[in-house]
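Have a look at the structure below before the remarks.
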Amino acid sequence: MNPKRSSWSLEMGTVASIPIRVHVTFLVLLVWLAFGTEAPSPMREAGYVVLVFTCVLIHELSHALMAKRFGIQTKEITLYPFGGIASIMAQPTPKGELFISIVGPLSNLIIAAALYAWTDIGNISGQDISKLTLVDRLFITNIALAVFNLMPALPMDGGRVARAVLALLNVKNPTRIAARLSQALCLAMGIAALAFEQPMLLIIAFIIFFGAVQEYVRAEAKIVAVAFTVRDAMIPRARLETFTHGTTVSKALRTALTSLQPLYPVLHGDKVIGIIHRDDILEHAATQPDEYLGSITLQEVPSVDVESPLSTAFTMLEETGTPVLIVTENGEFIGLLVHDRLSDFLLLQGLRDKRSKDDDAEWSTPL
Ligand SMILES: [Zn+2]
């Protein structure tokens, strides 16, 4: 999985060297607010939208900065209509997760508290939101952001707080319980969305539902991974197409066009000097067909020993964001560990595990 090509989001810039991405559904909401409502002043709507955007960004940056205090870097921040997600690059301890998660909604409450002095609370209730002053609207929005994000559903902050608290209380499988809770909540949200004809709420319920599934799968994979080593899941060198640094792009193209392999190790002698994506070969073929692969900027890839536990390799893949690891034995290149394939491998092993457990249950019934 190449992060450049993933997800329904666009990169808008960087803050504190963290890439800021915006999910398309957020843009849909912005467009709807600015043009879809019968607001008296579109300019004021636009101003409001930009200010909401800023509040969500502050929320996410607070997560990123708290994560930094716990020694965890943030890969990127993605903004959704209901808030955002700061993708931190490691799983924090339960205490870390509690602090990192809670600080986001807290920042919205602090903004609301700061606005309180200029807010006419008596005026807010019963009023059409588009007729309120900008400050009143921002006040409500920040309260709503805090409440929404505190909803106990993964991958929302409230869901993470719930998981962290379960873990701190030494409850077994906290992610499994938190994910089940999330799915139940999403179902309730979906039904409410249909009953009250709120399409946006339905979309949000869907996004959270799949977010919770993703969190669950990742947590399960890590549990399964402990039982295996890198050797069990790697693709051996004999089954891989490789290139030498002296291969020209046009020659590599011939292989790339007839093989299904998405990326290729480039060797110098017996050492891997980097990997090249199939798409990059196609791209270079148009402009520099006679160039040697060795002189193209290749993606550097970390390596892992073949006897390492699979869980260690899994964490390495997640933390570095690389799609692949070079597998070595006594320092020699013997294969590749591909992130996408590894997820499939672990999912399959997990299912097999579950099935054999179910079988055990059947056989253990006393006669
Ligand atoms: Zn948050």
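What follows is calculated from the coordinates using simple rules that are stated; it is not laboratory data. Given the structure is predicted, the values throughout are model-derived calculations rather than measurements. A quick note on method: Cβ atoms are made from the backbone with ideal geometry, for glycine too, and the neighbour counts reach across all protein chains shown.
Condition (residue is assigned to a loop (DSSP other than H, G, I, E, B) and either away from the ligand (no atom under 15 Å from the Cβ) or buried (at least 17 other Cβ atoms within 10 Å of the Cβ) (or both)) applied to region 48-64: is it met by at least one residue? Checked against the condition, which is being assigned to a loop (DSSP other than H, G, I, E, B) and either away from the ligand (no atom under 15 Å from the Cβ) or buried (at least 17 other Cβ atoms within 10 Å of the Cβ) (or both), region 48-64 yields no hits at all. If you go through region 65-85 and keep only what is at positive phi and within 15 Å of the ligand (Cβ to nearest atom), you end up with just GLY83.
Of the candidates ALA313, ALA238, ALA227, ALA286, the single residue that is of a type outside the set (S, T, N, Q), within 30 Å of ILE72 (Cα to Cα) and surrounded by fewer than 15 Cβ atoms within 10 Å (Cβ to Cβ) is ALA227.
Let's see how each residue does on (1) more than 13 Å from the ligand (Cβ to nearest atom); (2) crowded, with 20+ Cβ neighbours inside 10 Å; (3) in a helix (DSSP H, G or I); (4) on the phi < 0 side of the Ramachandran plot:
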site: ALA90; (1), (2), (3), (4): yes, no, no, yes
site: GLY96; (1), (2), (3), (4): yes, no, yes, yes
site: PHE99; (1), (2), (3), (4): no, no, yes, yes
site: LEU106; (1), (2), (3), (4): no, no, yes, yes
site: LEU109; (1), (2), (3), (4): no, no, yes, yes
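Annotation: ASN330 fulfils all but one of (1) without any contact (Cβ under 8 Å) to a residue 24 or more places away in the chain; (2) closer than 20 Å to VAL224 by Cβ; the unmet one is (2). Please determine whether any residue of region 141-164 is more than 16 Å from the ligand (Cβ to nearest atom) and not acidic (Asp, Glu). Within region 141-164, not a single residue is more than 16 Å from the ligand (Cβ to nearest atom) and not acidic (Asp, Glu).
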